[in-house]
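Participant: Shown below is the structure under consideration.
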Amino acid sequence: MHNMQRVSSSILSQDGKYLIYTVRKWYNETNTVSNHLMYTDIHTLESKNITLPVQSQSDSNPFQSTAFPHLLFFLRNGQIWYIPFPTLTTDINTETQLTSYPIDINEFKLKRNTIVFNADVYFNCSDMQCSADMIAQSAKQTYQVYDQLFMFHWDHWVPQGKGSHVFYQRITLSDVDSSSVTLLNDVVDVTLHMEINAP
């Protein structure tokens, strides 16, 4: 079962011609996995890579928007990237990184010219960098103290004082290059200081 490439996170392209999905690959020699993106032409059933499988690289959450129909957005190792699609000129194209937040994005959606995403933060922090510093500090600890529920949820630990918050930021096409996207304004934490978990 480990050797089978697992398919997930499938979407239909904006033009309705392609099925885009995530493929998980396991590396026996290092006991690690990678995720990359592929697409299948619905009419010819021909499949090709959009991104290459690379160890310790995780491409997932493919997403397209009517505001940017010629681009495919996706998560790579906790940040949002994009690539021209469906105008793929070769089997592999060059991906461009859109975000470089100090904390990782869990999931995102794109509506018109706005990206909405969630990320794990500490409730007493006012910005992402504060949460990033506390996450780095907690990684060094070999223990965790809990004085309230719940510390364990299904298959993962939930550190006290930390949870998933909802953010948004505007994006636009570059004035210079119609295939280049830039971020606008500052990122906004919609649930700032709220002690909630919003995955």
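Participant: For the range 53-73, which residues satisfy the criterion of being open to solvent by 20 Å² or more (accessible area, probe 1.4 Å) and either within 16 Å of the chain's Cα centre (by Cα) or farther than 29 Å from Lys111 by Cβ (or both)?
Facilitator: Once the filter is applied, which keeps residues that are open to solvent by 20 Å² or more (accessible area, probe 1.4 Å) and either within 16 Å of the chain's Cα centre (by Cα) or farther than 29 Å from Lys111 by Cβ (or both), the range 53-73 yields Pro53, Val54, Gln55, Ser56, Gln57, Ser58, Ser60, Asn61, Phe63.
Participant: Name the single residue, out of those in the range 115-170 being of a type in the set (Asp, Glu) and at pLDDT below 80, that is farthest from Leu192 (Cα to Cα).
Facilitator: This residue is Asp155.
Participant: Within the range 27-46, count every residue that is closer than 14 Å to Gln5 by Cα and either more than 21 Å from the chain's Cα centre (by Cα) or part of a loop (DSSP other than H, G, I, E, B) (or both).
Facilitator: Final tally of qualifying residues: 2.
Participant: For Ile20, work out the one condition from (1) open to solvent by less than 40 Å² (accessible area, probe 1.4 Å); (2) free of Cβ contacts under 8 Å to residues at least 60 places away in the same chain it doesn't fulfil.
Facilitator: It is condition (2) that Ile20 fails.
Participant: Could you list all residues from the range 90-149 that are among the acidic types (Asp, Glu) and either within 29 Å of Leu173 (Cα to Cα) or in contact with a Cys (Cβ under 7 Å, 6 or more places away or on another chain) (or both)?
Facilitator: The answer is Asp91, Glu95, Asp104, Glu107, Asp120, Asp127.
Conditions (1) of a type in the set (A, V, I, L, M, F, W, C); (2) in contact with a strand residue (DSSP E or B) (Cβ under 8 Å, 6 or more places away or on another chain), marked per residue:
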site: Tyr101; (1), (2): no, yes
site: Asp104; (1), (2): no, yes
site: Glu107; (1), (2): no, yes
site: Asn118; (1), (2): no, yes
site: Cys130; (1), (2): yes, yes
site: Gln137; (1), (2): no, no
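Participant: If you don't mind, another one. May I ask you to list the residues in the range 12-32 that are among the β-branched types (Val, Ile, Thr) and at pLDDT below 90?
Facilitator: Thr30, Thr32
Participant: For residues that are in contact with a Leu (Cβ under 9 Å, 6 or more places away or on another chain) and either among the aliphatic types (A, V, I, L, M) or not in a loop (DSSP other than H, G, I, E, B) (or both), scanning just the range 174-199, find the one that is nearest to Pro69 (Cα to Cα).
Facilitator: Ranking the qualifying residues of the range 174-199, first place goes to Val181.
Participant: While we're looking at this one, here's another question. Tell me, yes or no, whether the range 110-121 has at least one residue that is of a type in the set (D, E, K, R), in contact (Cβ under 8 Å) with a residue 60 or more places away in the chain and open to solvent by 60 Å² or more (accessible area, probe 1.4 Å).
Facilitator: No, because not a single residue in the range 110-121 is of a type in the set (D, E, K, R), in contact (Cβ under 8 Å) with a residue 60 or more places away in the chain and open to solvent by 60 Å² or more (accessible area, probe 1.4 Å).
The values are calculated or read from the model by the stated rules, or taken from the named source; none is laboratory data. Just so it is clear, the model here is predicted, and its values are computed rather than measured. Heads up, the Cβs are rebuilt from the backbone with ideal geometry, glycines too, and the neighbour counts pull from every protein chain shown. For the accessible areas, the whole protein counts, side chains as well, though only heavy atoms, and no ligand, DNA or RNA atoms are used. Shrake-Rupley method; radii C 1.70, N 1.55, O 1.52, S 1.80 Å.
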